[in-house]
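Remarks on the structure that follows.
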Amino acid sequence: MDGVKVIVDGMKGLGLKNVSSVCSISEMDDYDLSKLLDKPRLNIERQRSFDERSLSELSIGLSRGLDTYESAYSPGRSAMDSPASSARNSFEPHPMVADAWEALRRSLVHFRGQPVGTIAAYDHASEEVLNYDQVFVRDFVPSALAFLMNGEPDIVKNFLLKTLQLQAWEKRIDRFKLGEGVLPASFKVLHDPVRKTDTIVADFGESAIGRVAPVDSGFWWIILLRAYTKSTGDSSLAETPECQKGMRLILTLCLSEGFDTFPTLLCADGCSMIDRRMGIYGYPIEIQALFFMALRCALVLLKPDEEGNEFIERIAKRLHALSYHMRSYFWLDFQQLNDIYRYKTEEYSHTAVNKFNVIPDSIPEWVFDFMPTRGGYFIGNVSPARMDFRWFALGNCIAILSSLATPEQASAIMDLIEERWEELVGEMPLKICYPAIESHEWQIVTGCDPKNTRWSYHNGGSWPVLLWMLTAACIKTGRPQIARKAIDLAESRLLKDSWPEYYDGKLGRFIGKQARKYQTWSIAGYLVAKMMLEDPSHLGMISLEEDRQMKPVVKRSASWTC
C-alpha cells in the first residue's frame, strides 16, 4: 500500500489538470450555439462539427437529428486522489470502488515523467510476464474513459499523442513493410536507471502470437480521440495537423479500393480482441462495428479542408453502404432464421433471395433453441456460403453504441440478453461469444489451441471488461436495470478474486485457468460501468446518435412486433 501511495503522490506532482471549469450539460445544447459564445476556449464552428452530422447533410444539406445522450456533456470531475462522485448518485459507492482506483493508478506507465498509459496487468505472481507489462491500445480504452470521467484528461491526451508518434515509425515484419496508417497493438517503456533515459519499443504485430497486425487499434484510437474531445469540449487536439494526418492514414488503409464487392472490411483471424485463431476471419462483427463507429467519429473530427473533404465524402458513401449491408445481412431474429432455414440454393442474378448461397443444412442445431421468439442480434460473420451464427458481445454492444443497430434492433439485442441471461451472462458478465466450439470443430477452427478450450478464454469465456460496454448499451436503450444486475454480479466476486482477466465455464463460475490477476481493463471496465450508471451523461462521449437520414429500408423481419 505504501508503494501505491508513492505512485499516487508522484502523479499529483505531474500537474494533471482538473477541468471543473468547463460548461455544464445544459450549456452544451446543440440547438442554441449562442450559449457557447462566451466560451473562448471552444472553436464554435468546430463545436458544431463534433455533433453527429448526418450523411445527407454532407450531400444535400438536410438538417440532422440529435439524441439526448449524444448531446450530453461530461464535465470535469474531482481531484486525482479521489474518484468522482456524481451529485445525482442515488446510492452509496461500493467499497471496492476505492480499491479499483488504487489498482488502476498502480498500473500507470510513465515516459519521461509523463503518464502515457496503463499496463495490461499488474500480476507479479504470474510466472510468465509475456506482453502483459505493455500498454495495449485496445486495453487502454476503458482506462482512458475512467480517467476522462474522473476529470483527468491529460493522461488520455499523452496516450493519443504518443501512439500517434509510433504510427509514424517504419513498420516491417521480416522483409514486408506494413501500411503507414497501422497503429501498434502495444508498446513498452524501457527505463535505463544508469543513463536516466526512457525508450519505447512498439509491437505492430511482429511479436504477436500469430504475427497478425491489429486492425482494431486504429479504430479505437479514432473513437478515443472523439471521446476526449467530447469529454473536454476542447477540439484543439483533434484539429492539430498531426491528428488530422493520423486519421487520414488510418482511413486510407480501410477505405482503399480493391476487389471487394461488400462494403465490410476483410480481416484475418487474430486481428482484434480475439487475437488468436478462432474462426473469425472474413468479415467479423467486432471489426465491422468498430469500423462503422470509427468512420462516424472521423466524420465529425476531420476538418473540412481540401484533404479532409475528400475523406468526408468517401466516408459518407461508405457508411450508407455499410449500414445497409450490416442491417440487412448480418441481422438475425426468429423470422429471419426461419427464412434462412427455408432458403433455396444455387440462385442466380440480382433477384436471388439467398444472395450468399448459404446451405440451410449448415445452420447449427444450437441456434434454433437459442433464438427466442422476441429478440435478435448481429451474427458473427457473413461471406459466400458461410454464416457464423455465434453471438459476439463486443460487436453487438458497439453496434448499439454506434447506432449501427437501428433503435428497433438495439431493443431486440437487449431483449435477447434478457431472454438468454444464463447463457450470455451467467454468474459473471459477460460472455465474449456464445456458444463455445468443442471437440472436432475446436480442433479444426482453433488449430487445437490449448488456451481456447471450450468455455475458456476467447472460446466462450466470460470477460469482466465487457461490463462497461454492456452498461453503456443498457443506458442507451433505456434498460439500466440490466446493467445494475450485471454490476451486482461483478461486485460479488471481482475484488475477492483479485480482478481476473477472464472466467471459465458455462456460467463463468471459475477464474480462468490462465487468467492474469489485477488485469487493468477488468478494473477500469468496472469503474467505467459504475460511473456511467451513476451519471448517464457520461454516455455522450462513447455513444453516437442514429443518423435518421442514413437509415435504409431493411426488408427483414421485425421480431419486436411479434
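The values are calculated or read from the model by the stated rules, or taken from the named source; none is laboratory data. Given the structure is predicted, the values throughout are model-derived calculations rather than measurements. We place every Cβ from the backbone using ideal geometry, glycine too, and count neighbours over all the protein chains shown. For accessibility, only protein heavy atoms count, side chains too; no ligands or nucleic acids. Shrake-Rupley method; radii C 1.70, N 1.55, O 1.52, S 1.80 Å.
Taking the stretch 489-502 as the range and being within 20 Å of the chain's Cα centre (by Cα) and under 19 Å from GLU423 (Cα atoms) as the test, the residues that pass are ALA490, TYR502.
Tell me whether the stretch 195-203 contains one or more residues that are in contact (Cβ under 8 Å) with a residue 40 or more places away in the chain, in contact with a Cys (Cβ under 9 Å, 6 or more places away or on another chain) and either assigned to a loop (DSSP other than H, G, I, E, B) or closer than 22 Å to GLY117 by Cβ (or both). There is no residue in the stretch 195-203 that is in contact (Cβ under 8 Å) with a residue 40 or more places away in the chain, in contact with a Cys (Cβ under 9 Å, 6 or more places away or on another chain) and either assigned to a loop (DSSP other than H, G, I, E, B) or closer than 22 Å to GLY117 by Cβ (or both).
The number of residues in the stretch 127-183 that are touching a residue at least 60 places away in the same chain (Cβ under 8 Å) and of a type outside the set (Phe, Trp, Tyr) comes to 30. For LYS245, the conditions (1) in a helix (DSSP H, G or I); (2) in contact (Cβ under 8 Å) with a residue 40 or more places away in the chain are fulfilled apart from (2).
Could you pull out the residue among LEU430, LEU404, LEU424 that is more than 25 Å from ASN452 (Cα to Cα) and open to solvent by less than 10 Å² (accessible area, probe 1.4 Å)?
Values: LEU430 fails: more than 25 Å from ASN452 (Cα to Cα); LEU424 fails: more than 25 Å from ASN452 (Cα to Cα).
From the options LEU430, LEU404, LEU424, the qualifying one is LEU404.
Residue-wise test of (1) touching a Ser or Thr at 6+ places or on another chain (Cβ under 6 Å); (2) over 30 Å from LYS451 (Cβ atoms); (3) open to solvent by 10 Å² or more (accessible area, probe 1.4 Å).
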{"site": "PRO184", "(1), (2), (3)": "no, no, no"}
{"site": "ASP198", "(1), (2), (3)": "no, yes, yes"}
{"site": "ALA213", "(1), (2), (3)": "no, no, yes"}
{"site": "LEU225", "(1), (2), (3)": "no, yes, no"}
{"site": "SER231", "(1), (2), (3)": "yes, yes, no"}
{"site": "ASP234", "(1), (2), (3)": "no, yes, yes"}
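Which of (1) within 22 Å of the chain's Cα centre (by Cα); (2) open to solvent by 10 Å² or more (accessible area, probe 1.4 Å); (3) farther than 24 Å from TYR434 by Cβ does ASP388 not meet, given it meets every other one? So the condition that ASP388 fails would be (3). Only one of the numbered conditions (1) buried (at least 21 other Cβ atoms within 10 Å of the Cβ); (2) more than 19 Å from ALA486 (Cβ to Cβ); (3) in contact with a helix residue (DSSP H, G or I) (Cβ under 7 Å, 6 or more places away or on another chain) is violated by HIS458, and that is (3).
Of everything listed in (1) surrounded by fewer than 21 Cβ atoms within 10 Å (Cβ to Cβ); (2) modelled with pLDDT of 70 or more, the single unmet condition for GLU92 is (2). Across the stretch 200-211, the qualifying residues are those that are of a type in the set (Gly, Ala, Ser) and either at pLDDT 95 or above or more than 11 Å from CYS271 (Cβ to Cβ) (or both), and the one among them that is surrounded by the most Cβ atoms within 10 Å (Cβ to Cβ) is ALA202. A residue that is closer than 25 Å to ALA289 by Cβ, over 29 Å from the mean Cα position of the chain (by Cα) and touching a residue at least 24 places away in the same chain (Cβ under 8 Å) occurs somewhere in the stretch 339-354.
Filtering the stretch 204-241 to residues that are free of Cβ contacts under 8 Å to residues at least 24 places away in the same chain and not in a helix (DSSP H, G or I) leaves only THR240. Among residues that are open to solvent by 10 Å² or more (accessible area, probe 1.4 Å) and touching a Cys at 6+ places or on another chain (Cβ under 8 Å), PRO480 is included.
A single member of LEU130, LEU108, LEU190, LEU145 is open to solvent by less than 10 Å² (accessible area, probe 1.4 Å) and not basic (Lys, Arg), and it is LEU145. Of the residues making up the stretch 309-322, none is at pLDDT 95 or above and outside any helix (DSSP H, G or I).
Please determine, by comparing only the residues of the stretch 241-261 that are open to solvent by 40 Å² or more (accessible area, probe 1.4 Å) and polar (S, T, N, Q), which one is nearest to VAL137 (Cα to Cα). Here the answer is THR252. Restricting attention to the stretch 315-352, the residues that are in contact with a helix residue (DSSP H, G or I) (Cβ under 8 Å, 6 or more places away or on another chain), open to solvent by 60 Å² or more (accessible area, probe 1.4 Å) and more than 30 Å from LYS303 (Cβ to Cβ) total 4.
Going through (1) under 19 Å from GLU152 (Cβ atoms); (2) of a type outside the set (A, V, I, L, M); (3) over 24 Å from the mean Cα position of the chain (by Cα) one by one, THR197 falls short only on (1).
Checking each residue in the stretch 167-192 for being of a type outside the set (Lys, Arg), farther than 24 Å from ARG105 by Cα and in contact with a Leu (Cβ under 8 Å, 6 or more places away or on another chain) picks out GLN167, GLY179, GLU180, GLY181, VAL182, LEU183. If the condition is being among the β-branched types (Val, Ile, Thr) and under 16 Å from ARG386 (Cα atoms), then the stretch 335-351 contributes ILE340, THR345.
Of all residues in the stretch 506-532, how many are among the aliphatic types (A, V, I, L, M) and surrounded by fewer than 24 Cβ atoms within 10 Å (Cβ to Cβ)?
Summing the residues that are among the aliphatic types (A, V, I, L, M) and surrounded by fewer than 24 Cβ atoms within 10 Å (Cβ to Cβ) in the stretch 506-532 gives 2.
How about the stretch 225-274: which of its residues are hydroxyl-bearing (Ser, Thr, Tyr) and at pLDDT 95 or above? Write out each step before concluding.
As a first pass, look at the stretch 225-274 and keep what is hydroxyl-bearing (Ser, Thr, Tyr): 228-229, 231-232, 235-236, 240, 252, 256, 261, 264, 272.
Across the stretch 225-274, the qualifying residues are TYR228, THR229, SER231, THR232, SER235, SER236, THR240, THR252, THR264, SER272.
Applying the criterion of being among the acidic types (Asp, Glu) and either without any contact (Cβ under 8 Å) to a residue 40 or more places away in the chain or surrounded by 20 or more Cβ atoms within 10 Å (Cβ to Cβ) (or both) to the residues of the stretch 483-505, the residue that is nearest to ALA436 (Cα to Cα) is ASP504.
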